[in-house]
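Q: Next up is a structure, given as structure tokens.
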Amino acid sequence: MGKSRERRESLVYHAKPRPGKIEVVPTKKYNSQRDLAIAYSPGVAIPCQEIEKDPDNVYKYTNKSNLVAVITNGTAVLGLGDIGPDASKPVMEGKALLFKIFADIDVFDIEINEKDPDKFIEVVKSISTTFGGINLEDIKAPEAFKIEKELVDQLDIPVMHDDQHGTAIISAAALLNALELVNKKIEDVKIVVSGAGAAAIACTKLYISFGAKLENIVMTDSKGVINNSREGLTKEKKFFATNRKIKTLEEAMVKSDVFIGLSMANIVSENMLKSMSRDPIVFAMANPDPEINYDKAMSVREDIIFATGRSDLPNQVNNVLGFPFIFRGALDVRATKINEEMKKAAVVALAELAKKPVPEQVNIAYDETKLNFGKDYIIPKPFDPRLISEIPPAVAKAAIDSGVAQEPIEDWEKYTQTLDERLGNNQKLIRIIHRRARKTKDKKLVFTEADHLDVLKAAQICFEEKIATPVLLGGKKIIEELMESLDFNEDLQIIDPADKINKDLIDEYSQILFKKLRRKGKTLDDVKRLLRGRDYFGSMMVENGDADCMLSGYSKSYPSVFLPVINSIGKASGVEKVAATNLMITKQGPLFCSDTSLNINPSHKEIAKIAINTAKIVNMFGIEPVIAILSYSNFGSSDFDEAKKISKAVKILHDNNPELIVDGPIQSDFALNREMLKNRFPFSILNGRKVNTLIFPNLDSANITYKTIKELDNAVSVGPILIGLNQPIHILQLGASVDEIVNMSAISVIDANQRKIKKKW
């Protein structure tokens, strides 16, 4: 992108459709005079009185517990320098945006026109009672040290200067992992730090707290090496003064193990890099251009581990990995400060997260085939959804253990769940599904389209997460090449049904399948030809007990997969119609939708059966089904045949399955809005209950609705989950994402296990 275009797009972004990046949004109803009377006068006086009685009630009745001030005087903004408080405001608004989107923390940005540190401190102290925490930003050194220290000492809320500690925490996590990869100990390595500002000093002090030795550290500034012969050093710089008789960065780099750059672009030469010890670790974090060009560094040293502050290069040291989640954990236990124990806990949690398998959505977000812990991935990516549930609990626990928490957390599982829900991501059920799948042992899952990259990536995740042991169908050479590109080096069963090497299996399966199809016009030779197709072959693997479950449909139409499946395994006993349900993970909770894939216009008897079989699926997830049979009418308000069909289905269910919580016909808004239902139809069995299962009158309405919910509500869709087949075989939607395939893999394994349990009984 050219500079002029970049400039134009930035200005338009910040100016349109309304200036700025943040707004204040009400959290309470304001529709009536009564609402306003409670929100303001006279009703607001009551919580005021309660807070007067007990000041801690301010956390109960106001937003203080979730409100952070981002405060600056604009004296050290980005790489722009002292540009003043007004010019700093876009940066502070940006910081507020990051707090909100990553950790659901509300922010007021405050720009103070005051350079005198003592006066600045007094202003901040005066307004601090408004906030649950204070994030200091873009304040020049050495004033920044004094300001932060005095505010930390004098206030009883968390205060952190992110320019110092944010960079320190993220880089420390990266450093610990880098040292692990090169098999070096932090207490032994020689560290060179270029730059002696607030960030550099905070970073180095944090490394020391993890075991780095002061005598092994050399710090440089614009005048060269900070040593004991230098005069006029600040107390912060004097702490790092070395006894070594060296003056230049070039001298300091010789035989060093680690370079930390927080200075300026292109000050590290190729020769400096060559002079470092084996497996050098270089964090060139100057922005926008690092201390040495990435490509140049990689060409000079093949053994290097390299990190920068840039998003377009591997191993970005990005403060957004830290500050939202550190403040989240601190606020949630009402910590009186952010202490060293909390910072170190954040470091360890970040370092450990980088070693865990990476969710596919992160690979997609960063256009990576497969991120794995290694030289190019030593810290998590900013858009990793697990950060919200990993870092705050670690920080909160450290606050509790170190005695600065005023509201300790007792139920950590519930707390983690609330963290996920803060961002509108109700992933609890997905985690439960995956956990249940992992508990099942030795489940073989057939992937019929393993020669597609996304399918194979899903199979890899299933294997690494111990969800299932994949059986891979497709061209062996193609699959092996794809596995190599994914660094998926496991000895798994790969079968190409079209390969003559599998003739014996084809012969064995053909005898079983011929018995099913000989009365449907198929000869034995016809059956053998069918079994060269992967859907027939995979289905027969499951039918014959050579595999436990199967997934197909990624690259093929639903009917083209369903026919081989139904011909091979048939329907379960007592099932007249096979159906499909989709589990939607919405902001309001899980919602099962049936029938989304198979039955175009089911009869009233078939709708009743679909409801019964869907209820079994809902129960499989450990959820009590609350079922609404949907229509355009409510409880007999229409005499048209389509409405009568639903009434007949409901009657069958009420007469024959009284244990089911089910009612209809009912419109979808009444089904999902408990208040509306209570007011208009108080007689309904659904009253006082949260509907979690929707049965639709036809395929059109079901399929359109679930896909609309998926797109507009950004809901996670798990399915279609087939209901009524004789074996645990499921068919994906065409072009399913990797995450969707993994989720359906877990469902398939759970389905297989449930069937196994039933057989034992």
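The values are calculated or read from the model by the stated rules, or taken from the named source; none is laboratory data. Just so we're clear, the structure is a prediction, and the values are computed from it rather than from any experiment. Glycine also receives a Cβ, built like all others from the backbone with ideal geometry; neighbour counts cover every protein chain displayed.
Q: Restricting attention to the range 382-397, which residues are under 17 Å from residue 317 (Cα atoms) and touching a residue at least 40 places away in the same chain (Cβ under 8 Å)? Working first, answer last.
A: Restricting attention to the range 382-397, the residues satisfying the condition of being under 17 Å from residue 317 (Cα atoms) are 382-384, 387, 391.
Within the range 382-397, 382, 387, 391 meet the criteria.
Yes/no matrix, rows are residues, columns are (1) in the same structural domain as residue 233 (by TED's automatic domain parsing); (2) part of a helix (DSSP H, G or I); (3) more than 22 Å from residue 51 (Cα to Cα):
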residue: 115; (1), (2), (3): no, no, yes
residue: 120; (1), (2), (3): no, yes, yes
residue: 123; (1), (2), (3): no, yes, yes
residue: 126; (1), (2), (3): no, yes, no
residue: 138; (1), (2), (3): no, no, yes
residue: 141; (1), (2), (3): no, no, yes
residue: 146; (1), (2), (3): no, yes, yes
residue: 153; (1), (2), (3): no, yes, yes
residue: 169; (1), (2), (3): yes, yes, yes
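Q: Checking residue 722 against (1) under 21 Å from residue 455 (Cα atoms); (2) of a type outside the set (S, T, N, Q); (3) within 26 Å of the chain's Cα centre (by Cα): exactly one of these is not met. Which one?
A: Status for residue 722: all satisfied but (3).
Q: Answer yes or no as to whether residue 215 is out of contact with any strand residue (DSSP E or B) (no Cβ under 9 Å at 6 or more places or on another chain) and either crowded, with 16+ Cβ neighbours inside 10 Å or not in a strand (DSSP E or B) (or both).
A: Answer is no for this residue.
Q: For the range 229-256, enumerate the residues that are more than 20 Å from residue 189 (Cα to Cα) and either of a type in the set (Phe, Trp, Tyr) or touching a helix residue (DSSP H, G or I) at 6+ places or on another chain (Cβ under 7 Å) (or both).
A: 236 - this is the single residue of the range 229-256 that is more than 20 Å from residue 189 (Cα to Cα) and either of a type in the set (Phe, Trp, Tyr) or touching a helix residue (DSSP H, G or I) at 6+ places or on another chain (Cβ under 7 Å) (or both).
Q: Considering only the range 238-251, how many residues are touching a residue at least 40 places away in the same chain (Cβ under 8 Å) and outside any loop (DSSP other than H, G, I, E, B)?
A: Filtering the range 238-251 for residues touching a residue at least 40 places away in the same chain (Cβ under 8 Å) gives 240, 249.
Imposing the further condition that a residue be outside any loop (DSSP other than H, G, I, E, B) reduces the set to 249.
Residues in the range 238-251 being touching a residue at least 40 places away in the same chain (Cβ under 8 Å) and outside any loop (DSSP other than H, G, I, E, B): 1 in total.
Q: So which residues in the range 728-739 are assigned to a loop (DSSP other than H, G, I, E, B) and touching a Gly at 6+ places or on another chain (Cβ under 6 Å)?
A: 732 - this is the single residue of the range 728-739 that is assigned to a loop (DSSP other than H, G, I, E, B) and touching a Gly at 6+ places or on another chain (Cβ under 6 Å).
Q: Search the range 650-666 for residues being in contact with a strand residue (DSSP E or B) (Cβ under 6 Å, 6 or more places away or on another chain) and aliphatic (A, V, I, L, M), and hand back the single one that is farthest from residue 628 (Cα to Cα).
A: Restricting to residues being in contact with a strand residue (DSSP E or B) (Cβ under 6 Å, 6 or more places away or on another chain) and aliphatic (A, V, I, L, M), the top hit is 653.
Q: From the list 503, 528, 516, which one is farther than 16 Å from residue 729 by Cα, assigned by TED's automatic domain parsing to the domain that holds residue 453 and touching a residue at least 40 places away in the same chain (Cβ under 8 Å)?
A: 516
Q: So, residue 331, is that one at pLDDT 95 or above, closer than 20 Å to residue 376 by Cα and buried (at least 24 other Cβ atoms within 10 Å of the Cβ) or not?
A: no
Q: While we're here: Hey, among 400, 388, 338, 326, which residue is closer than 30 Å to residue 153 by Cα, in contact with a Phe, Trp or Tyr (Cβ under 7 Å, 6 or more places away or on another chain) and among the hydrophobic types (A, V, I, L, M, F, W, C)? Step through it out loud before you land on a result.
A: On the way: 400 fails: in contact with a Phe, Trp or Tyr (Cβ under 7 Å, 6 or more places away or on another chain); 338 fails: in contact with a Phe, Trp or Tyr (Cβ under 7 Å, 6 or more places away or on another chain); 326 fails: in contact with a Phe, Trp or Tyr (Cβ under 7 Å, 6 or more places away or on another chain).
After applying the criteria, what remains is 388.
Q: May I ask you to list pairs of residues, at least six apart or on different chains, whose Cβ atoms are under 8 Å apart, with the first in the range 467-486 being in contact (Cβ under 8 Å) with a residue 12 or more places away in the chain and the second being assigned to a helix (DSSP H, G or I) and among the basic types (Lys, Arg)?
A: Final answer for the pair search is 467/438; 473/534; 474/534; 486/457.
Q: So is residue 513 crowded, with 19+ Cβ neighbours inside 10 Å and modelled with pLDDT of 90 or more or not?
A: Yes.
Q: Among the residues of the range 614-626, write down those that are crowded, with 23+ Cβ neighbours inside 10 Å and not hydroxyl-bearing (Ser, Thr, Tyr).
A: Within the range 614-626, 615, 617 meet the criteria.
Q: List the number of the failed condition for residue 705; all other conditions in (1) assigned by TED's automatic domain parsing to the domain that holds residue 631; (2) within 24 Å of the chain's Cα centre (by Cα); (3) touching a residue at least 12 places away in the same chain (Cβ under 8 Å) hold.
A: Result: residue 705 passes all but (2).
Q: So, restricting to helices (runs of 4 or more DSSP H) that lie completely within the range 1-96, which ones have at least 3 residues that are modelled with pLDDT of 90 or more and surrounded by 11 or more Cβ atoms within 10 Å (Cβ to Cβ)?
A: The qualifying helices (runs of 4 or more DSSP H) are 45-53, 58-61.
Q: Considering only residues that are of a type in the set (Val, Ile, Thr) and closer than 30 Å to residue 369 by Cα, which ones fall in the range 486-531?
A: 494, 495, listed by residue number.
Q: Between a first residue in the range 656-675 that is among the basic types (Lys, Arg) and a second residue that is surrounded by 19 or more Cβ atoms within 10 Å (Cβ to Cβ), which pairs have beta carbons less than 9 Å apart while being 6 or more apart in sequence or on different chains?
A: Partner pairs satisfying both residue conditions: 674/686; 674/691.
Quick grid of which residues meet (1) within 38 Å of the chain's Cα centre (by Cα); (2) of a type in the set (A, V, I, L, M); (3) modelled with pLDDT of 90 or more:
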{"residue": "574", "(1), (2), (3)": "no, no, no"}
{"residue": "581", "(1), (2), (3)": "yes, no, yes"}
{"residue": "585", "(1), (2), (3)": "yes, yes, no"}
{"residue": "594", "(1), (2), (3)": "yes, no, yes"}
{"residue": "597", "(1), (2), (3)": "yes, no, no"}
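Q: So, in the range 560-599, exactly how many residues are surrounded by fewer than 23 Cβ atoms within 10 Å (Cβ to Cβ), within 18 Å of residue 701 (Cβ to Cβ) and of a type in the set (Val, Ile, Thr)?
A: Qualifying residue count, the range 560-599: 1.
Q: Which of the following residues is surrounded by 24 or more Cβ atoms within 10 Å (Cβ to Cβ), in contact (Cβ under 8 Å) with a residue 12 or more places away in the chain and more than 15 Å from the chain's Cα centre (by Cα): 338, 400, 304?
A: 338
Q: Hey, does the range 361-374 have a residue that's surrounded by 21 or more Cβ atoms within 10 Å (Cβ to Cβ) and either in contact (Cβ under 8 Å) with a residue 40 or more places away in the chain or in a loop (DSSP other than H, G, I, E, B) (or both)?
A: There is no residue in the range 361-374 that is surrounded by 21 or more Cβ atoms within 10 Å (Cβ to Cβ) and either in contact (Cβ under 8 Å) with a residue 40 or more places away in the chain or in a loop (DSSP other than H, G, I, E, B) (or both).
Listed here are the residues, each with its yes/no results for (1) crowded, with 17+ Cβ neighbours inside 10 Å; (2) in the same structural domain as residue 338 (by TED's automatic domain parsing); (3) part of a loop (DSSP other than H, G, I, E, B).
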{"position": "176", "(1), (2), (3)": "yes, no, no"}
{"position": "181", "(1), (2), (3)": "no, no, no"}
{"position": "203", "(1), (2), (3)": "yes, no, no"}
{"position": "206", "(1), (2), (3)": "yes, no, no"}
{"position": "220", "(1), (2), (3)": "yes, no, no"}
{"position": "231", "(1), (2), (3)": "no, no, yes"}
{"position": "236", "(1), (2), (3)": "yes, no, no"}
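Q: Of the numbered conditions (1) touching a strand residue (DSSP E or B) at 6+ places or on another chain (Cβ under 8 Å); (2) modelled with pLDDT under 95, residue 145 fails exactly one; give the number of that condition.
A: (1)
Q: Next up: Restricting attention to the range 548-582, which residues are closer than 19 Å to residue 530 by Cα and either small (Gly, Ala, Ser) or touching a Phe, Trp or Tyr at 6+ places or on another chain (Cβ under 7 Å) (or both)? Can you show your working first?
A: Taking the range 548-582 and keeping what is closer than 19 Å to residue 530 by Cα, we get 550-553, 555-570.
Hits for the range 548-582 are 551, 552, 553, 555, 557, 560, 564, 568, 570.
Q: Within the bounds of the range 345-354, is there any residue that is charged (D, E, K, R) and modelled with pLDDT under 95?
A: So the first thing to find is which residues in the range 345-354 are charged (D, E, K, R), and the list is 352.
Keeping just the survivors that are modelled with pLDDT under 95 gives none.
Within the range 345-354, none of the residues are charged (D, E, K, R) and modelled with pLDDT under 95.
Q: Something else: Take the range 73-96 and flag every residue that is of a type in the set (Val, Ile, Thr) and under 17 Å from residue 162 (Cβ atoms). Steps first, please.
A: Step one: list which residues in the range 73-96 are of a type in the set (Val, Ile, Thr), which gives 75, 77, 83, 91.
Result: 75, 77, 91.
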